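Please treat every number below as a calculation from the coordinates, not as lab data. None of these values were measured; they are calculated from a predicted model. In this analysis, Cβ positions are derived from the backbone assuming ideal geometry, glycine residues included, and neighbour counts consider all displayed protein chains.
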Amino acid sequence: MNLSRDRNKRMSSRPVDSSLNADLSSGFTFVYSAVFLMSLNGLFAKVIPLDAASITALRSFIAVVGLGLFGLIRNRRYRLPSMAHLVGVYGLGVLLGIHWVTFFHSMQVSTVAVGMLSLFSFPILTILVEPLFSRERLAGGDIVAGILVLAGLSVMVSQDLADLHGPILSGVFWGVGSAFLFATRNLVQKYFFQDVTSDTLLFHQGIAIAVMLLPFLGVRQTAILPLSGIVNLLLLGILCTAGAHTFYAASLKRLPAKSVALIGCLQPVLATLFAWLVIQETPQLNVLFGGAIILSVAAYESAGKRSRPLLRR
């Protein structure tokens with residue numbers, strides 16, 4: 001009798017375990033795809049000859065058009081279920097738009113490295129603030145992981161931040177402000193809008209950003225944009241905006257926000273690599289060492305989150 005009960009218990013747990021593994025697997029696929037595409041943002045910020053507000057407005061418009069065409073092809077309707085959802089999602093769009101403007105401005109007034117690395121104070125903010133949403137106790141391991149990420153980022157910019165005057169200080173200021181906005185948007189979206197699909201979220205947020213920034217669009221500069229600039233804007237809008245942020249939102253539905261944030265710290269590492277390959281910026285030893293720390297934390301988060309949910313069951 002006991003053997004039969006145990007067998008039934010094991011059989012009933014298998015679909016749950018399988019479902020958890022499927023969610024984790026797809027979650028990691030989404031987050032790593034998003035990280036790869038987002039890491040290209042720094043290059044676009046430098047090669048597109050427009051101000052940060054114009055770039056953000058145009059990338060949002062292109063993303064909305066791209067998602068709209070995708071919706072027509074797949075017969076998807078980007079409807080929000082209530083007026084409360086409408087207000088909330090469009091409010092998140094405002095946060096996302098200001099985050100993009102401050103992020104691009106940070107890289108334009110300083111360097112890609114400073115903008116990218118200062119932005120990645122957001123995992124620390126996510127780790128510290130998420131317990132207010134999840135009502136879970138802040139784990140010691142999460143604090144250690146956050147400190148390690150901060151240490152890695154500090155090592156990567158240690159030589160650049162020796163001079164606290166001029167463009168470096170300005171870049172860090174705008175980058176950390178952007179990080180705060182990004183962490184806030186991610187947590188609110190994860191805990192209050194789980195019932196809205198990822199592409200629907202980005203579609204409506206993209207509309208909010210495009211409308212908000214339309215008065216700040218540099219019309220003259222946009223009108224004389226060369227063909228290369230137009231191509232780069234299309235790539236930025238379709239791949240690094242519509243694609244990347246849809247993947248990112250999908251990963252937040254399947255993984256803890258702190259895990260997504262910490263794995264996202266691969267972005268500055270990849271951005272440094274792309275800068276080296278594309279514009280021949282040779283990374284310094286401190287950048288490589290700090291990047292190795294970040295890679296270790298991201299790998300730990302990936303491996304740990306695959307096993308821990310099943311162990312708890």
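As a calculated quantity, the FRET efficiency between residue 279 and residue 76 at R0 = 30 Å, using C-beta atoms, amounts to about 0.20.
Most exposed first by the Cβ proxy, i.e. fewest other Cβ within 10 Å, how do 142, 51 rank? Walk me through the numbers on the way to the answer.
On the way: 142 22, 51 17.
Final ranking by Cβ density, sparse to dense: 51, 142.
Shown for 136, 130: other C-beta atoms within 10 Å of each C-beta, ranked fewest to most, produce the order 136, 130.
Could you work out how much longer the chain between residue 158 and residue 230 gets when fully extended? Use 0.36 nm per residue separation minus the Cα distance between them, nm to one decimal. Let's see the in-between values first.
Numbers: separation 72, 0.36 × 72 = 25.92 nm, distance 3.58 nm.
Here the answer is 22.3 nm.
The lysine pair count for the range 31-305, using Cα distances under 18 Å and pairs eight or more places apart or on different chains, is 5.
How long are the three semi-axes of the equivalent ellipsoid for the range 31-305, computed from the Cα gyration tensor as the root of 5 times each eigenvalue, in whole Å, largest first? Can you show the working numbers first?
Working: eigenvalues 152, 124, 50 Å².
Each semi-axis is √(5λ); the values are 28, 25, 16 Å.
Here the range 221-247 and the range 95-121 have alpha carbon centers that stand 17 Å from each other.
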